[in-house]
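To keep things clear, I will list the structure first and then write my remarks on it.
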Amino acid sequence: MSSGSKLEDESLTKRLSSVKNIIAVMSGKGGVGKSTVTVNLAVGLASRGFKVGVFDADFHGPSVSKMLGVSEGLYGADNSLILPSGLLGVKVLAIDLMLPDKTMPVIWRGPMKGNMIKRFLSDADWGSLDYLLIDLPPGTGDEPLSIMQLIPSIKGIILVTHPSQLSEFIVDKAGNMAKILRIPILGVVENMSYFKCPNCGSIYYIFGEGAGEKIASYLNTVLLAKIPLDPEASKLADNGTPLILSKGESESKQAYEKLVDEVIKILDK
């Protein structure tokens, strides 16, 4: 190990030493609403009075900063990344906050992504946090592997799926990756679980039914929450407002509140 690499490892350990709970949110499959789940969980925890941070580890399609209402860039001081705060004081680390143009693509091969993850985590001044959520990109490649190997103190992962058989098949792979690397699986979130007609109350299983329960059973873990489809969710996200902060008491909002309760309860044990 080079002296530079050793210093980075020591810096990373020091930076994360004041973070009580580190959780990775993973799906293996794109398009299941993993970032939406991450952001709503983060804001839900912050609304309970916890100090929360989110690291968007998806370099090619970052979305967390917009969903948390953060637009200003990161800046350096004393070789540290001073992190901006979004809704309810949630600290945010994301590659798009460093780009001069939000439409600029990040064209990196695997080794560079691994190096940047290490550098980000080593340089970021998180301060004291109760929860650090890491939003992982789809797949079981460089970014998830780097996170799981670099952070031995990680408390576990949350798997996000939607109810289709295809999603079930791919998310099972993500769960098996965590098992191989001996990372605890905290539970499964089934997103887009069903749609309830606001007029007649009929329930429609648009993407299928039961994948969340099957994944949880296969991986010997728990189903944390079933989040229904909500037409307002996309509009709110575009405006930088997570659904959990919306007015009223929709079933989707209640499901996110349940998710927050379950995560707190599991980690308290």
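Observations on the model:
- For the range 218-233, filtering for residues that are surrounded by 13 or more Cβ atoms within 10 Å (Cβ to Cβ) and not in a loop (DSSP other than H, G, I, E, B) leaves 8.
For (1) under 15 Å from GLY44 (Cβ atoms); (2) in contact with a Cys (Cβ under 6 Å, 6 or more places away or on another chain); (3) of a type outside the set (Lys, Arg), each residue gets a yes or a no:
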position: TYR194; (1), (2), (3): no, no, yes
position: PRO198; (1), (2), (3): no, no, yes
position: GLY208; (1), (2), (3): no, no, yes
position: LYS214; (1), (2), (3): no, no, no
position: ALA233; (1), (2), (3): yes, no, yes
position: ASP238; (1), (2), (3): no, no, yes
position: SER246; (1), (2), (3): yes, no, yes
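- Considering the range 234-256, the residues that are touching a strand residue (DSSP E or B) at 6+ places or on another chain (Cβ under 8 Å) and either of a type in the set (A, V, I, L, M, F, W, C) or buried (at least 18 other Cβ atoms within 10 Å of the Cβ) (or both) include one that is modelled with the lowest pLDDT, namely SER252.
- Restricting the range 159-173 to residues that are part of a helix (DSSP H, G or I) and touching a Ser or Thr at 6+ places or on another chain (Cβ under 7 Å) leaves a set whose member that is surrounded by the fewest Cβ atoms within 10 Å (Cβ to Cβ) is LYS173.
- Here LYS155 meets the list (1) in contact with a strand residue (DSSP E or B) (Cβ under 6 Å, 6 or more places away or on another chain); (2) free of Cβ contacts under 8 Å to residues at least 24 places away in the same chain; (3) of a type in the set (Lys, Arg) almost entirely, failing just condition (2).
- Note on the range 133-178: residues that are within 17 Å of the chain's Cα centre (by Cα) and among the basic types (Lys, Arg) total 1.
The values are calculated or read from the model by the stated rules, or taken from the named source; none is laboratory data. The structure presented is a predicted model; accordingly, all values stated were derived computationally and were not measured. All Cβ positions, glycine included, derive from the backbone under ideal geometry; neighbour counts span all protein chains shown.
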